[in-house]
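Beneath this line is the structure, given in structure tokens, with notes to follow.
The values are calculated or read from the model by the stated rules, or taken from the named source; none is laboratory data. Owing to the predicted nature of the structure, the values given are computational and were not obtained by experimental measurement. Positions of Cβ are generated from backbone atoms using ideal geometry, with glycine treated the same way; all protein chains shown enter the neighbour counts.
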Amino acid sequence: MNIHEYQAKEVLRSFGVPVPQGFPAMTIEEAAEAAGRLPGPVYVVKAQIHAGGRGKGKFKELAADAKGGVRLAKSFVDIRADAAEMLGNTLVTLQTGAAGKQVNRLYVEDGSEIEKEFYLSLLIDRATSRVSFVVSTEGGMDIEQVAHDTPEKIVTFSVDPATGIMPHHGRRVAKALGLEGELAKQAHALTQKLYTAFIAKDMEMLEINPLIVSRGGALKCLDAKLGFDSNALARHPDIAAMRDETEEDAKEIEASKYDLSYIALDGSIGCMVNGAGLAMATMDIIKFYGAEPANFLDVGGGATAEKVTAAFKIITSDPNVKGILVNIFGGIMRCDVIAEGVIAAVKEVGLKVPLVVRLEGTNVELGKKIIGESGLNVIAADDLDDAARKIVKAVGGGH
Ligand code: GDP
Ligand code: MN
């Protein structure tokens, strides 16, 4: 789960991490009030969306040469004007896709004078099963670009979970950033605090871009992006409360209500499968035959007809879906339950695209009979290979 920048800074602040002072605002009036509580004379008005690249982003509704989603302002008049231009409008950045994201919240922050901009992030490196630091002197820009053009400017190291964070990690960060003296000391403390926060809150990623040296000689986190392990949210009600559902895929939210493991993807073939492994294999074989899956969906072992109906509705609500593949291996899950769920769903939402069903396992004969007698236009498949071939053919894809 991701949270907004202002929330991320609140979390980091609680661990003693240096971040500029600021307040969130949902209206023009609140933005002006927020600025009134800051020292000034320079303020930053920042669009709060779950995507980066806001500074260089463009608002759909504004002229092409209008300012982006991160603006420096020097007066309350400017702050009101900026808030009016941003709130309710759609910001398109490199990370939002062409559709962009509507800006419903702003963050008004104390402006900083920037001496230097760095990049610093922590993430879980699955290859080493450790938390890794990624540090670069090339901050404030697209880190993927830096990694591509000048990989030697990126320093990475991981932390041994048995020892936890150690002074030498802080020294490595300071050295990578070319910091000495007082600033090196600040880097040591920052390294320690960021790692502590990362572990304490079960984060998956923590990205500071830019980390700055201010004109006054202080290290500060000017931007912050935090991602949390969704499976650990039960341990962190404070973080869970920061969830902003308007930033998430509507289909994924609906799926979570029914306890379905659903992840939206870009392809054209909707998949309904039981078991995560089988769901992955189903996606693989669809790709193998030359098409792309529209989603990952594991309906689980003990799915009810109601759950299957919900899953089917979610799949068909995706306009990119040109065909559906139901692939069920009935173990605990019974094929007749799946069949009834599919039929109930089709009766409710209709079926406008080809549907291939492959059933195997418990009560398979009954399941096939239910579908056969339903009068639905279902393409039956014998096995997974056959099913994948048929659905890819039905959507006119493949090679
Ligand atoms: P992003 O574009 O979504 O990554 O948003 P950031 O918060 O990183 O802001 C984009 C850029 O705006 C930063 O890289 C800075 O160069 C600039 N910026 C942000 N806050 C300040 C500030 O307080 N003072 C100054 N001078 N520039 C800022
Ligand atoms: Mn940034």
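Laid out as a table, the results:
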| item | result |
| --- | --- |
| Helices (runs of 4 or more DSSP H) (entirely within segment 1-101) containing at least 2 residues that are over 28 Å from ILE143 (Cα atoms) and at pLDDT 95 or above | 28-36, 76-86 |
| Hey, ASP223 assigned to a loop (DSSP other than H, G, I, E, B) and closer than 30 Å to ILE286 by Cβ or not | no |
| Segment 125-138, subset farther than 15 Å from ILE208 by Cα and in a strand (DSSP E or B), residue farthest from ligand 2 (Cβ to nearest atom) | ARG130 |
| ILE286 vs. criteria in a helix (DSSP H, G or I), in contact with a Cys (Cβ under 8 Å, 6 or more places away or on another chain) and crowded, with 17+ Cβ neighbours inside 10 Å | yes |
| Per-region count, segment 187-212, residues within 14 Å of ligand 1 (Cβ to nearest atom) and surrounded by fewer than 22 Cβ atoms within 10 Å (Cβ to Cβ) | 2 |
| Tally, over segment 20-51, of residues that are within 18 Å of LYS220 (Cα to Cα) and within 16 Å of ligand 2 (Cβ to nearest atom) | 5 |
| Residue match in segment 153-170 (condition: under 30 Å from GLY40 (Cα atoms) and polar (S, T, N, Q)) | no |
| Failed condition for ASP160, given (1) surrounded by fewer than 16 Cβ atoms within 10 Å (Cβ to Cβ); (2) touching a strand residue (DSSP E or B) at 6+ places or on another chain (Cβ under 8 Å); (3) closer than 18 Å to GLU207 by Cα | (3) |
| Residue ID - nearest to the chain's Cα centre (by Cα), chosen from residues in segment 50-72 that are within 15 Å of ligand 1 (Cβ to nearest atom) and of a type in the set (Lys, Arg) | ARG54 |
| Any hit, segment 244-257, residues being in a loop (DSSP other than H, G, I, E, B), surrounded by fewer than 20 Cβ atoms within 10 Å (Cβ to Cβ) and at pLDDT 95 or above | no |
| Failed item in (1) surrounded by fewer than 19 Cβ atoms within 10 Å (Cβ to Cβ); (2) among the basic types (Lys, Arg); (3) out of contact with any helix residue (DSSP H, G or I) (no Cβ under 7 Å at 6 or more places or on another chain), with LYS153 passing the rest | (3) |
| Condition check for GLY372: without any contact (Cβ under 8 Å) to a residue 12 or more places away in the chain and either farther than 22 Å from ASN295 by Cα or not assigned by TED's automatic domain parsing to the domain that holds VAL273 (or both) | yes |
| Residue count for segment 267-281, restricted to those that are surrounded by fewer than 21 Cβ atoms within 10 Å (Cβ to Cβ) and either in contact with a His (Cβ under 6 Å, 6 or more places away or on another chain) or within 16 Å of GLU360 (Cβ to Cβ) (or both) | 4 |
| In segment 296-346, the residues that are charged (D, E, K, R) and more than 22 Å from GLU252 (Cβ to Cβ) | ARG334, ASP336, GLU340 |
| Residue in segment 52-59 that is away from ligand 2 (no atom under 16 Å from the Cβ) and closer than 30 Å to ARG235 by Cα present | no |
